[in-house]
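J.: Mind looking over this structure? Questions follow.
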Amino acid sequence: MKYSPTEALKLLDGITRKRLYEMMKNGELSYTSENNKRFLDASELARVFNEKFRPQETKEILLDTEKKQNDTFEIHIENRLLKQQIEELQKRISDKDRENERLWENLDKEAEERRKLTDTLSKQTLMLEDMRMKQPEKLAERRKGFFARLVS
């Protein structure tokens, strides 16, 4: 493929217009002339400038490669952040599970204490009922009088 000097400059990294024309004038860079216009062959540009010469197709490939690398890097960073978030969430879930277990244990203890209190209260209630039943007999004895109690 042939390029005009202006087109060639666009494909060359770090080469000035002045330097390109000097090289053409000194014979360091060969060119062809057609209708009083100079043209540089792509193979000649590649020979002289090596890595500085990047044809349009190569630039597009490099841009695509660079974009893919950037995308891959961004995905890598995003994955790392997501892993950290997952670890934090797993830790929070574990903490919540431990807290739930502790709360259930407390609830069980409270239920046991409530059952014991209920048993104690029911026994006391039974004792009170027994005492009430015995009291009418004592009242009947009081009403009989002092001497009636002595006789019985």
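Rule-based calculations on the coordinates, nothing more; no lab input. Given the structure is predicted, the values throughout are model-derived calculations rather than measurements. Backbone-built Cβ (ideal geometry, glycine too); neighbour counts: all protein chains shown.
J.: On full extension of the chain, what length is gained from D13 through N50, given 0.36 nm per residue of separation minus the C-alpha to C-alpha distance?
T.: Net length gain for the segment: 12.3 nm.
J.: Another one. Farthest toward the dipole's positive end in segment 1-125, which of L11, T32, Q124, given Cβ charges of +1 (Lys, Arg) and -1 (Asp, Glu) about the Cα centre?
T.: T32
J.: Something else: Pulled fully out, how much extra length does the chain show between F73 and E101, if you take 0.36 nm times their separation in residues and subtract their Cα-Cα distance? Walk me through the numbers on the way to the answer.
T.: On the way: separation 28, 0.36 × 28 = 10.08 nm, distance 4.21 nm.
Contour length minus Cα-Cα distance gives 5.9 nm.
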